[in-house]
1. Hey, any idea what Rg/Rh is for segment 18-85, computing Rh the Kirkwood way over Cα pairs?
2. What is the local net charge at residue 67, summed over the other residues whose Cβ is closer than 12 Å to its Cβ (Lys, Arg +1; Asp, Glu -1)?
3. Each residue of segment 51-56 in turn: what ³J(HN,Hα) in whole Hz from Karplus with 6.51, -1.76, 1.60 and θ = phi - 60°, glycine and Pro shown as x?
4. With a Förster radius of 41 Å, plug the Cβ-Cβ distance of residue 30 and residue 67 into 1/(1 + (r/R0)^6) and report the FRET value to the nearest 0.05.
Amino acid sequence: MKTIICATLLLLAFSYGEALKCNLCISSPFQPCTPSVQNCRYYVKGCGNVQFLSGPLASSSIRSCMDMATCRNYQNMPNTVAICCSTDLCN
């Protein structure tokens with residue numbers, strides 16, 4: 001029984017990885033930002049860099065932890081450029 005418990009704890013220790021890290025920066029046309037590093041929640045597997053080219057959010061941008069599906073939705077929006085990635089500080 002002790003062997004099973006030790007093996008389970010060892011497996012958990014090696015399977016628990018560090019959280020993804022993304023740049024965090026939210027800017028508006030008149031308010032540039034200073035990027036910082038954000039530790040993503042365990043279920044968020046991507047980073048996004050979204051720039052709005054026109055409309056009410058023109059010249060605004062978002063760099064943060066971002067679900068890949070959400071980032072891909074931004075890629076499909078008109079007048080928006082979105083880059084999706086999944087490695088530390090890739091955005």
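1. 0.99
2. Values: positive: 41, 45, 72; negative: none.
Summing Lys and Arg as +1 and Asp and Glu as -1 gives +3.
3. 10, 9, 8, 8, x, x
4. In this case the efficiency is close to 0.90.
Every number here is computed from the coordinates shown, using simple stated rules; none is lab data. What you see is a predicted model, and the numbers here were worked out from it, not measured in a lab. Note: ideal-geometry Cβ built from the backbone for every residue, glycine included; neighbour counts use all protein chains shown.
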